[in-house]
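The values are calculated or read from the model by the stated rules, or taken from the named source; none is laboratory data. Keep in mind that what you see is a predicted model, and the values were worked out from it rather than measured. Cβ atoms come from the backbone with ideal geometry, glycine included; neighbour counts cover every protein chain shown.
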Amino acid sequence: MTAPILRRLAVLRALTHEWHKQGEVIGVVPTMGALHQGHLSLAEAAKAACERVIVTIFVNPKQFNNPEDLANYPRTEQDDAKKLVPYDVDAIYVPAPDEIYPEGFATTVSVSGLTDVMEGEFRPGHFDGVATVVAKLFLQTQADRAYFGEKDYQQLMIVRRMARDLDIPIEVVGCPTIREASGLAMSSRNQRLSNKGLAIAAEKHRIMRALVQALEKGEAFGALAPQAQADLLTAGFSNVEYLQLRCAETLEPLTHANRPARLFAAAWADGVRLIDNLSVSSG
Ligand code: PAF
């Protein structure tokens, strides 16, 4: 049976109040729908650690800086509910738009520093939209734990910072990126790739892996990056927006993987913008 789909905050609140009264731990998996194995792995992790799990589905207009991207974003609520059946989640919260942004809504949650680089640089305003909606979803669901994929690693760090800074009593749990057999990181945007685009996209993982191996041998990022950029273009990417090595904790740029690091990339294949990141050990 599909989990109940709740559209009103008052109904959600009545449930979560009851669950907390029973001493149950609530986990939340915030999503924008178009669920794939990556999201489902978050639901599974939440279910393994929490008595109650809420999956939220809300295509958040405030985090899209391109109206076409918002219009094209897949909306597949009934399919999403079916996909969640094996994970036995307790509720699917699909808030009516006025539950998130009521008439006169005037507040923005903005995290400084971590949002200035990478996605923040190429998608101005994106992280303000994410931080604002996630703060609301944390407060609305009253969850004790929230599950996010490392696929959006910068988002994960920003959400963690935001929850800490605002004293929202929630543990933000990061879960590993789920990949296709080709290595392509699962993403709702992959649905828009043609077969040719999928083949190009898979090359990104191969090129990034090779770069990680060289970095883990102690080679300098600056000496390796130009060739990796060229390899991405040769593979068929039309534009490499960034390829960067950063500290896994603070996201400061690094010249060498001399502490736990992350390699980040954003590039366009077949008209679709794809991001990915890999962990780099410090040896
Ligand atoms: O990662 C996403 O799908 C979205 O950014 C999130 C966290 C659900 C906020 O809208």
Pick from the stretch 195-208, criterion more than 20 Å from the chain's Cα centre (by Cα) and under 21 Å from residue 225 (Cβ atoms), ranking: surrounded by the most Cβ atoms within 10 Å (Cβ to Cβ)
200
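Inside the stretch 156-194, can you point out the residues that are under 26 Å from residue 68 (Cα atoms), more than 16 Å from the ligand (Cβ to nearest atom) and more than 16 Å from the chain's Cα centre (by Cα)?
Initially, the stretch 156-194 is screened for residues under 26 Å from residue 68 (Cα atoms), giving 156, 158-159, 184-194.
From what is left, the residues that are more than 16 Å from the ligand (Cβ to nearest atom) are 184, 193-194.
Passing the criteria: 193, 194.
For residues in the stretch 1-53 being part of a helix (DSSP H, G or I) and in contact with a Leu (Cβ under 7 Å, 6 or more places away or on another chain), which is surrounded by the fewest Cβ atoms within 10 Å (Cβ to Cβ)?
Pass one, the stretch 1-53, residues part of a helix (DSSP H, G or I): 9-21, 37-49.
If we keep only those that are in contact with a Leu (Cβ under 7 Å, 6 or more places away or on another chain) as well, we get 12, 43.
Numbers: 12: 20, 43: 23.
My answer is 12.
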Going through the stretch 108-155 one residue at a time, which ones are crowded, with 18+ Cβ neighbours inside 10 Å, of a type in the set (Phe, Trp, Tyr) and under 21 Å from residue 69 (Cβ atoms)?
127, 148, 153
What are the residues in the stretch 60-93 that are among the hydrophobic types (A, V, I, L, M, F, W, C), within 19 Å of the chain's Cα centre (by Cα) and surrounded by 18 or more Cβ atoms within 10 Å (Cβ to Cβ), if any?
64, 84, 92
Can you spot a residue in the stretch 26-42 that is in contact with a strand residue (DSSP E or B) (Cβ under 9 Å, 6 or more places away or on another chain), over 16 Å from residue 137 (Cα atoms) and away from the ligand (no atom under 15 Å from the Cβ)?
no
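Can you confirm whether residue 46 is within 18 Å of residue 152 (Cα to Cα) and of a type in the set (A, V, I, L, M)?
Values: within 18 Å of residue 152 (Cα to Cα): yes; of a type in the set (A, V, I, L, M): yes.
For residue 46, the condition - within 18 Å of residue 152 (Cα to Cα) and of a type in the set (A, V, I, L, M) - is met.
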Over the stretch 132-155, the set of residues of a type in the set (A, V, I, L, M, F, W, C), assigned to a helix (DSSP H, G or I) and more than 9 Å from the ligand (Cβ to nearest atom) is 135, 138, 139
Confirm whether residue 188 is over 16 Å from residue 261 (Cβ atoms), crowded, with 17+ Cβ neighbours inside 10 Å and of a type in the set (S, T, N, Q).
yes
Within the stretch 43-60, the count of residues that are within 10 Å of the ligand (Cβ to nearest atom) and either of a type outside the set (Val, Ile, Thr) or at pLDDT below 95 (or both) comes to 2
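Quick one: which strands (runs of 3 or more DSSP E) lie wholly within the stretch 226-283 and hold at least 3 residues that are in contact (Cβ under 8 Å) with a residue 40 or more places away in the chain and among the β-branched types (Val, Ile, Thr)? Write out each step before concluding.
Numbers: elements: 239-247, 261-269, 272-280.
Result: 272-280.
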Output the qualifying pairs, or none if there are none: Cβ atoms under 8 angstrom, residues six or more apart or on different chains, first residue in the stretch 151-169 and on the phi > 0 side of the Ramachandran plot and among the acidic types (Asp, Glu), second residue away from the ligand (no atom under 11 Å from the Cβ) and in a helix (DSSP H, G or I).
none
